[in-house]
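Colleague: I have a structure here, written as structure tokens, and I will follow up with some questions on it.
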Amino acid sequence: MRRARRVLLALLLGLGIASGAHPALVRPLAAQPAPAAPLPPPPPPAPGNPAAARPPLVAELSQERVDITTGFSGTELLVFGATERLLGGEGGDDVLVVVQSGAEPMIVRRKIRVLGLWLNGPSARFRQVPGFYLMAGTRPLREMLPPEEREAKRLGVDHLPLQSLGIQDPAYRQALLQLKQSARLWHEEEEAVQISGARLFRARLPLPAATDTGDYQVQVLLVRAGRVVARQELGFRVERVGAAARIADVAATEPVLYGLACILLAAFAGWLGSVLFRRG
Amino acid sequence: MQVYLPIAEMSVDATLLLGIGFGVGWLSGLFGVGGGFLLTPLLILVGIPAPVAVASGANQTLGASVSGLIAQWRRGNVDPRMGLVLLVGGFIGSAMGVELFAWLRRQGQVDLAVSIFYIVVLGSVGALMVRESVRAILRRRRSGGPARLHAHMWMHGLPFKLRFRKSRLYISVIPPMLVGLGIGVLSAVMGVGGGFMLVPAMIYLLGMPTSVVIGTSLFQVVFVAANVTLLQAVQTGSVDIVLTLLLLLGGVAGAQFGAAMGTRLRGEETRALLGLLVLGVALSLLWGLVATPDSLFAIGPIPT
């Protein structure tokens, strides 16, 4: 996190904008593509239209890897960047950050009452459910984008492409949304992107203790007058490292060996306990 | 202090696990049982997924029972021959139980099945223990108990008789093998060593003298729990060694305090208390099934 602050400071001083940016990744949705030219702090010798040469949006992540060690209890990432036009206020641009983990199939079961007991009853299967979904913006999403644009760009938990197999009851989809949100795995933060100096923005991305391993996609969108005008895609990877990774590896690849090791370790711990605590 | 459990894929408070281990170990030292029947429901209660709780519970039971077995073996309270017969049944039973568990998991009913197993088994064992110990206490008050070693029943007419010298029994191997089998199945599904079921079964069904019951049941529990651990690791891959070791760390210490306290309690009172405890766990699990859940839906990964 300290490293991230330093980078941010560098940005604030106007030194890091060009070096920290990946102009090739910035895709302005305007008609003419931006030439990928690095940008020194003084006005560049712009050929033609200088506004088109500047990337409208530049963003970076504080880290590209999140390590899950045996002491992992959740962490926080920082996404930060700068925009070419002024941010916030009346008529200013807005920034929207969407973090998403890889989609996985999930099953939603309805509980039914049989003979007074609650059992797992009928179920719907959803083929592609992001394990984690976080959205943060400089303003609440509803104020920034009209419903048509939100739906077209599939922004917000209400517009996630969740197709269910089997039962087509909207109650299952609703339940999935609710349970994911109450587990804090999907959420839309209101005004979580902070603006400084009308050009720089930063947002904290909290990852819970139950964060899944895998690749995460971070989209930074520039919103102007109710439309997404530019976006940049970033990503990070969550990995188990150290002892946790080795244990999970061995358990998956050598289950017999792992099982035997568990038996021996537990027996040894029990024996050690009886020796240590023997009375008299 | 948070600790990441690599198999459960979640981060939990280590002091909470140590505390659970200590509490369960204290009770198991007090009552002379492995304590798995308390541990697994508690783990599920704090949010450990049921498969991991069951598999790691069996692994923990193994460790906890080893220290008890060593102590009992030194005092000569183990009947190895009876233990081996029980074990043959136990191995077959636990293999069947792990298959049953994997099948239940595919059906999406594993949580329900584990709960129902617990309620039925704990409910009946607890009720029997309370009834028996209350009777024993009343009988003692009236003074003069029956002197007979054990009652003769239909099962003493079965073939394949074998002499169990330590247990002072000459009975067929079929009843102990069936007892072992049944407990093997239950221990695989419930993640328990089965001591709390085995001890009454040995006393009331097989008619073994109380002195060798605890040691012999620990003998059987150690090996059945080892077998269940291995089978669970291979079949469902849900044994979490970090979880197991944390629980053992608390458990081993707790067991010593419990054992020291247990020597001050009378046998009947101990059994009555244990019976009440077992009944209490069964009732709270039953409440969990009967009470209307917060959400009428549950989500989970699609089982493979």
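The values are calculated or read from the model by the stated rules, or taken from the named source; none is laboratory data. Predicted model only: the values in this text are computed from it and were never measured. Using ideal geometry, Cβ is built from the backbone for each residue, glycine included, and neighbour counts are taken over all protein chains shown.
Colleague: Among the residues of the stretch B:22-48 satisfying the criterion of being within 11 Å of chain A (Cβ to nearest Cβ) and buried (at least 21 other Cβ atoms within 10 Å of the Cβ), which is nearest to B:VAL189 (Cα to Cα)?
Modeller: Across the stretch B:22-48, the extreme among qualifying residues is B:GLY34.
Colleague: If a residue must be out of contact with any strand residue (DSSP E or B) (no Cβ under 6 Å at 6 or more places or on another chain) and among the basic types (Lys, Arg), how many such residues does the stretch A:214-251 contain?
Modeller: Residues meeting the conditions: 2.
Colleague: Continuing with the same structure: Which residue pairs have Cβ atoms closer than 9 Å, lie 6 or more positions apart in sequence or on different chains, and pair a first residue in the stretch A:115-127 that is facing another protein chain (nearest Cβ under 9 Å) and within 15 Å of B:SER295 (Cα to Cα) with a second residue that is among the β-branched types (Val, Ile, Thr) and part of a strand (DSSP E or B)?
Modeller: Cβ pairs passing all conditions: A:TRP118/A:ILE112; A:LEU119/A:ILE112; A:ASN120/A:ILE112; A:SER123/A:ILE107; A:SER123/A:VAL108.
Colleague: Can you tell me which residues in the stretch B:70-87 are in contact (Cβ under 8 Å) with a residue 12 or more places away in the chain, in contact with a helix residue (DSSP H, G or I) (Cβ under 6 Å, 6 or more places away or on another chain) and not in a loop (DSSP other than H, G, I, E, B)?
Modeller: Residues satisfying the conditions are B:GLN72, B:MET82, B:GLY83, B:VAL85, B:LEU86, B:LEU87.
Colleague: Shifting gears a bit: Please name all residue pairs, on different chains or six or more residues apart, with Cβ atoms under 6 Å, provided the first residue is in the stretch B:51-69 and is more than 8 Å from every other protein chain (Cβ to nearest Cβ) and the second residue is surrounded by fewer than 24 Cβ atoms within 10 Å (Cβ to Cβ) and assigned to a helix (DSSP H, G or I).
Modeller: Qualifying pairs under 6 Å: B:ALA53/B:ILE44.
Colleague: Of everything in the stretch B:1-15 that's touching a Gly at 6+ places or on another chain (Cβ under 9 Å) and facing another protein chain (nearest Cβ under 7 Å), which residue is surrounded by the most Cβ atoms within 10 Å (Cβ to Cβ)?
Modeller: B:ILE7
Quick grid of which residues meet (1) assigned by TED's automatic domain parsing to the domain that holds A:ARG139; (2) exposed (fewer than 14 other Cβ atoms within 10 Å of the Cβ):
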residue: A:ARG199; (1), (2): yes, no
residue: A:THR211; (1), (2): yes, no
residue: A:LEU222; (1), (2): yes, no
residue: A:THR253; (1), (2): no, yes
residue: A:ILE263; (1), (2): no, no
residue: A:LEU276; (1), (2): no, yes
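Colleague: In the stretch A:222-277, what residues are at the interface with chain B (Cβ under 7 Å from one of its Cβ atoms) and among the basic types (Lys, Arg)?
Modeller: A:ARG240, the sole residue that qualifies.
Colleague: In addition: Which residues, taken from the stretch B:89-143, are at positive phi and touching a residue at least 24 places away in the same chain (Cβ under 8 Å)?
Modeller: B:GLY108 - this is the single residue of the stretch B:89-143 that is at positive phi and touching a residue at least 24 places away in the same chain (Cβ under 8 Å).
Colleague: Would you mind listing the strands (runs of 3 or more DSSP E) fully within the stretch A:74-139 where at least 2 residues are β-branched (Val, Ile, Thr) and surrounded by fewer than 18 Cβ atoms within 10 Å (Cβ to Cβ)?
Modeller: Hits in the stretch A:74-139: A:103-114.
Colleague: How many residues does the stretch B:239-258 contain that are closer than 13 Å to B:ILE20 by Cβ, of a type in the set (A, V, I, L, M, F, W, C), within 10 Å of chain A (Cβ to nearest Cβ) and in contact with a Ser or Thr (Cβ under 7 Å, 6 or more places away or on another chain)?
Modeller: Of the residues in that region, 0 qualify.
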